[in-house]
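First up is the structure itself, then whatever we jot down about it.
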Amino acid sequence: MLLAIDTSTGTSVAVVDRDRASGELRCLAETGTDDTMRHAEVIGGFIRGALAGAGIGPHELSGVAAGMGPGPFTGLRVGIAAAHAFALGIARPFVPVVSHDAIALTRYLAGDEGLVQVVTDARRREFAVSEYEGLDADGLPVRVDGPGLVPRDEVPPARGIRFDASIVSAGAVGMLAELAFAAGRLPLAADRPIYLRAPDVTPSAGKKVLR
């Protein structure tokens, strides 16, 4: 059973479980908002709400999954930091997942076939774009391109279905992590945020001191 968090667009928190006997994936509880400005304000309440909705305590979890982006620096780091801190607090593994992969999984589970182009708002008149080519034998999305940063008016025409996501479902992040665990495919992603763009604030080079 996993707690899953994603703040690459809005904020989403879920509790996901996989039945060991049947392999069935279930989202026990999920809460979220597509507001892109209040990640730090809502994340704590959403975590409490998801656990309460699932009717479990923190130490019943087997791990914590987090969407690593792509996403803007300020929002994305809130969810990743919260997931890391929660995993450390309950002494459970941290599982990084590419957020676009989770979106692709939801599209294929919903019945989409063939090529799927996933698009999320990267702000500053840019989109983050990834392309997928179905599910592999383990039920995991096959990413064939991206994630990359593209000006809004220069997104290449989708070779199949284009899907614009305003929020990444934490339930999908958790399901992807559960599928990868069952297939022995962890880690799916590096424990490193996918910003695609350097942060606005950079360390000063400092001033030389004259003696």
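Values for this structure:
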item	result
Loop trypsin sites (Lys or Arg not before Pro), the stretch 1-32 (other Cβ atoms within 10 Å of the site Cβ: 15 or fewer; DSSP)	Arg20
For the stretch 20-34, Karplus couplings with θ = phi - 60° (6.51, -1.76, 1.60), whole Hz, Gly/Pro x	5, 6, 9, x, 5, 9, 9, 8, 6, 6, 8, 9, x, 8, 8
Candidates per trypsin sites (Lys or Arg not before Pro) in the stretch 66-136, loop by DSSP, up to 16 other Cβ within 10 Å	Arg124, Arg125
GNM result for the chain, Cα springs below 10 Å: residue of Leu109, Leu61, Leu140 fluctuating most strongly	Leu109
Expected 222 nm ellipticity per residue - DSSP helices of 4 or more, -39500 (n - 2.57), all of the chain, to 500	-8500 deg cm²/dmol
The chain: relative contact order in percent, alpha carbon pairs under 8 Å with at least 6 residues between	26 percent
Principal semi-axes in Å for the stretch 40-114 [√(5λ), Cα gyration tensor, largest first]	23, 17, 13
Estimated vicinal HN-Hα couplings, Hz - the stretch 182-188 in sequence order (Karplus 6.51, -1.76, 1.60; Gly, Pro = x)	4, 8, x, 10, 8, x, 7
Under DSSP loop assignment and at most 12 Cβ neighbours within 10 Å, longest GluC sites (Glu not before Pro)-free interval of the chain	114-211
Amide H within-cut-off set for Asp145, under 5 Å, with H built and near neighbours excluded	Glu131
For Gly63, distant residues with modelled amide H under 5 Å away	Leu3
Computed magnitude of the charge dipole of the stretch 2-182 (debye, nearest 20; Cβ of K, R +1, Cβ of D, E -1)	480 debye
3J(HN,Hα) from dihedral phi, the stretch 144-149, Karplus parametrisation 6.51/-1.76/1.60, rounded to Hz, x for glycine, proline	10, 7, x, x, x, 9
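Each reported figure results from applying straightforward, stated rules to the coordinates on display, with no laboratory input. Small disclaimer: the values here were computed from a predicted structure and weren't measured. No Cβ is skipped: glycine too gets one built from the backbone with ideal geometry, and neighbour counts run over all protein chains shown.
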